[in-house]
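Derivation of every value follows stated rules applied to the coordinates shown; laboratory data play no part. If you're wondering where the values come from, they're calculated on a predicted model, not measured in any experiment. Because the Cβ atoms are built from the backbone with ideal geometry, glycine has one as well, and the counts that use them run over all protein chains shown.
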Amino acid sequence: IKLLVEAREDVVAEATRVRNRLHADLVVLIPGYQVTAKHLVAVRSQQAVRQRLRGLAGIQVELARGRLVRLHALDVQARTLQGRIAQLVGPHPLLVLPGVGVLTAAKLIAETGDVRRFRSADAFAMLAGVAPIPASSGQVQRMRLNRGGNRQLNRALHTIALVQAVHHAPAKEYLARKAAEHKSDKDAVRALKRQIVRTVFRLLRDGAEGLAMAA
């Protein structure tokens with residue numbers, strides 16, 4: 001799963017680079033393109049661009065057509081890799097957690113490795129950079145933000161928290177309670193992440209045996 005996730009991320013990064021270069025070409029080649037530009041993600045948008053380039057000539061037109069071909073190939077490759085990831089991740093318990101799709105689940109699995117090596121959810125939270133770090137001084141008791149840990153894992157957890165904050169009723173209620181306690185939005189989301197990481201740890205452990213059998 002980790003190899004497939006990394007391969008897809010490389011392809012997506014390359015597609016983004018090609019897409020940005022193509023946008024720059026089209027701004028020059030097609031009058032008014034910048035006003036009506038799509039994100040060149042949908043096949044329909046790419047077909048429309050091909051039609052607009054018909055009848056045009058020159059080096060920049062040739063390069064733009066080549067980038068369109070390259071972009072289509074990269075999009076196909078990314079979808080193929082995502083399909084293979086989905087086959088491996090499809091039955092995993094993580095997918096029952098609101099805010100977790102196939103790619104997020106795969107990222108969590110890939111960055112965690114064998115979850116059974118962690119003695120507790122707290123140890124896993126420390127790896128993810130979610131567990132706060134004590135920073136007390138004298139009579140002042142406080143915690144500071146943990147900026148260490150696996151930032152890829154932390155980002156995946158942050159994505160789940162943001163999705164739940166909008167679409168998941170229990171998460172919205174939790175954030176509302178934190179707001180009532182005069183917590184800032186950032187602090188409330190961090191607290192939500194600490195709640196989520198415990199559930200993620202449990203679901204990763206539940207799915208560990210199935211992944212071992214699949215491997």
- Note on the structure: When the charge dipole of the stretch 1-124 is computed with +1 on Lys and Arg Cβ and -1 on Asp and Glu Cβ about the Cα centre, the Cα farthest towards its positive end, among 90, 32, 22, belongs to 32
- Dimensions (Å) - the stretch 1-115, Cα atoms, principal axes, largest first: 56, 25, 18
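So which trypsin sites (Lys or Arg not before Pro) in the stretch 79-123 end up in coil per DSSP with only 15 or fewer other C-beta atoms within 10 Å? If you can, show how the numbers build up before the last one.
Details: sites: 79, 84, 107, 116, 117, 119; in loops: 119.
Listed in order of number, the matching sites are 119.
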